[in-house]
Amino acid sequence: MDEIRGLHRRGIAWEDVAVLHRINGRSESLEQELARARIPYQVAGAAFLRRPAARAMLSALRRAAGEVVGAVEAAVQRVGYRPGAEASGEEATRQADLGRLLELAREYPGEGGAAGFVADLQRRFASEEDGRGVQLLTYHRAKGKEFDAVFLPCLEDRELPFALAKTPEDRAEERRLLYVGITRSRRHLYLSWAGSREDGPRRRLAPSPFLEEIRPPRASPPPASRPTARTGAGEADPALLKALKEWRRDESRRCGVPAYVIFHDRTLAGIAAACPRSTPELLSVSGVGPAKVANHGEAVLAVVKAHTAPAGGA
């Protein structure tokens, strides 16, 4: 929450910050923390208290009498709560929401009975407003959108990739979802994961195996025979810089946008000085982020390769 506030203080609108999650059922804890921090937020799809499981439970509890935990336990059992069962799609969200309602009931101190519990829930999640605030949405709903800052929490095994993704095809689709999340960011990207979580029985968690696939390699000096286009330490090769600018000119015409939208002059100079040969090396250049790499990375690397290959080389 401190990072989100810091971004907002630096001039980024709440609406240009997004927090992505794998299924709708994971939004509840994010909603609660944002509400507690008094950060406005909006939920693409449906916020926790507006989803089917919570609506049904709130309706039942308004008519319930007696002790809160017992009333909630009876209600979730009636509607088919199956703790620990694997589910997908909307059923995964429904099961997660029922489980979280039960946990919230067990945390509730008890004043006011069921009616007091309902009122407490409405206070906890009171900051959700349509059309404004930090955007909470699933990876699927984020497709085609971009934000100044993107947070990708819960990057753990069985979360992303999701527990039910067992075949190579399913895991490939999960990998594509992470790629979608990373490339939604225009300027700031935050990836995080937990070592354990206490939403139910305490359990240890392993980081997503996909993280190893995007971790930059340890820096190592280039081999002595590696050709370089640098004219000196930190200096850009004029021929390579010219080629990059020509490529940018053609690309801006093709896309119908100003050249600086593709890459700023300073960024092209940095690329011409660094002579990146891989995506991690390109990402290390100031001004190059995941979205730029997704849109133009292959083309830029091809230009660099063409102008740094030895004469007569392949």
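The values are calculated or read from the model by the stated rules, or taken from the named source; none is laboratory data. As the structure is a prediction and not an experimental result, all values here were calculated from the model. Don't worry about glycine lacking a Cβ; one is built from the backbone with ideal geometry, like all the others, and counts go over all protein chains shown.
Values computed for the structure shown
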quantity: Candidate set from the range 164-182 (those that are touching a residue at least 60 places away in the same chain (Cβ under 8 Å) and part of a helix (DSSP H, G or I)); member that is nearest to Lys292 (Cα to Cα); calculated: Ile182
quantity: Test for Arg100: is it in a helix (DSSP H, G or I) and either assigned by TED's automatic domain parsing to the domain that holds Arg141 or under 26 Å from Pro153 (Cβ atoms) (or both); calculated: yes
quantity: From the options Ala37, Ala71, residue that is more than 21 Å from Cys154 (Cβ to Cβ), of a type in the set (Gly, Ala, Ser) and in contact (Cβ under 8 Å) with a residue 12 or more places away in the chain; calculated: Ala71
quantity: Residues that are modelled with pLDDT of 75 or more and not aliphatic (A, V, I, L, M), drawn from the range 64-85; calculated: Glu67, Gly70, Glu73, Gln77, Arg78, Gly80, Tyr81, Arg82, Pro83
quantity: Where a residue in the range 76-105 is without any contact (Cβ under 8 Å) to a residue 24 or more places away in the chain and its partner, wherever it lies, is of a type in the set (Gly, Ala, Ser), with Cβ under 8 Å and at least six apart; calculated: Tyr81/Gly99
quantity: Residues of the range 52-68 satisfying the condition of being in contact (Cβ under 8 Å) with a residue 40 or more places away in the chain, outside any helix (DSSP H, G or I) and exposed (fewer than 15 other Cβ atoms within 10 Å of the Cβ); calculated: Ala65, Gly66, Glu67
quantity: So Gln32, is it surrounded by fewer than 19 Cβ atoms within 10 Å (Cβ to Cβ) and at pLDDT below 80; calculated: yes
quantity: Qualifying residue in the range 134-141 (condition: of a type in the set (Phe, Trp, Tyr) and touching a Ser or Thr at 6+ places or on another chain (Cβ under 7 Å)); calculated: no
quantity: Output for the range 1-27, where each listed residue is among the hydrophobic types (A, V, I, L, M, F, W, C), under 15 Å from the mean Cα position of the chain (by Cα) and in a helix (DSSP H, G or I); calculated: Ile4
